[in-house]
Amino acid sequence: MLARFRLYSFFKNFRLFEHFFVVFLLAPAIQGGAGLSYLAIGSLLGYQKVLTALLEVPSGFVADQWGRRRSLMICFGTYLVAFPLYVLAAGYADSRQLALLYVAQTLFAIGEAFRTGTHKAIMLDWVDSTEPDAGVRVIGGTRMVSKITAGVSALLGSFILAFYGRFAALFWVSAAAAFGGLVLMTTYPAWLDGEARRKRVAGVKNITPFSGLRLQRGFASLIAQSVALEAGIKVAQHYVQPLLYRGLEASDLRVVGGTGALVIGVYYLVHEGLGGLASGFSSSVDRRLSGPRVLRLAPVAALAAISLAAVGLWLEFYPLALIAFIALGILQNGRRPIFVSELNQVMDKEKRATVLSAESQLRSLAFGVLAPATGYVADAYGLAAALAAMSLVMVVALSIPSVPDQRP
């Protein structure tokens, strides 16, 4: 199963367009982009996150009750339809373009809702049934594959964009990977559908997502801190693409049909590769420092990195900002497996997909509010001001009570 878990990570993250999506939305029509403002981009991204959030818990409940494999099939199926719609949208220069972008974002949101939490629930179910102490190692290993795949896909996408000069190819190759993921899900064994699914088949009813849910001490702190931290980091990282695009274009390095795309690809190869290594070594960090201590230190490190990125942009010393963004990626990816393992200690085992989807739902809602707000700030006052605003979110994360150690 470990090989299939990692193959899932490959298919899910082989999205050649992902690291150029904001560039696609920002670039003018003459370059094949949508030519949107930061506010319009933030609203489009925020819409997708909010819609995903509204569907997270229902989709997690469906995954637990009707089968996690089926939920992931729905996920990859919606990707398969959404990605070509982005290509279709680029062919219009009027209101139809924005309408199609919102339709594509709607389908993508549905896919994300059925995905988030579901595959981690499958892995945790497998871990508890085979290697109970291997949670951080298994999740960290698969996340490492995810990030390395993302980095390689960014580099491959940069070659296509540099020498072919078309965004469309990035979406079509990503759709092919989604089809591979859909096929892969058919090979997962039925027993990984979850304990709740097995009980439902046996005739035990559980008609609401949170009925019988048992919460242990430390659960609320873990969730609240994760929401503030991850939402803030994700919004901040969305400004890497505009930073690279604007800076490269100003330096006469074209991104669409030019060598500027290769610079973006190399940056994300380094960014995702180091993030993947951080995930791979997360189990070693967990053993040496203990999970709760890592989780307590994470907001401090994130605040320092986002503030450093804002200073770099304000001084127009862009290498400093890019280094800070890379540090954020290392922090986020090294922390996530530890967080999921700690959450597994205090969550209801039968409702893993529901709980993980609820955590993702709250993160999506926070992102949905923060993305348009910081987009407005970026339009009005610049990218440095938008990042400075995001540092306040890390202050909120720091104000959350410390996460207690749940281990015996």
Among (1) farther than 27 Å from Gly368 by Cα; (2) surrounded by 23 or more Cβ atoms within 10 Å (Cβ to Cβ); (3) not basic (Lys, Arg), the one test that Glu56 misses: (1)
Of all residues in region 245-289 being part of a loop (DSSP other than H, G, I, E, B) and among the polar types (S, T, N, Q), the one that is modelled with the highest pLDDT: Thr259
Given (1) surrounded by fewer than 20 Cβ atoms within 10 Å (Cβ to Cβ); (2) in a helix (DSSP H, G or I), index of the condition Ser158 fails: (1)
Checklist (1) within 30 Å of Leu343 (Cα to Cα); (2) crowded, with 23+ Cβ neighbours inside 10 Å applied to Val285, failing item: (2)
Filter result for Ala373 (small (Gly, Ala, Ser) and at pLDDT 85 or above): yes
Residue identified as out of contact with any Lys or Arg (no Cβ under 9 Å at 6 or more places or on another chain) and either at positive phi or charged (D, E, K, R) (or both) among Glu230, Glu272, Glu249: Glu249
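The values are calculated or read from the model by the stated rules, or taken from the named source; none is laboratory data. Computed from a predicted structure; not experimentally measured. Because the Cβ atoms are built from the backbone with ideal geometry, glycine has one as well, and the counts that use them run over all protein chains shown.
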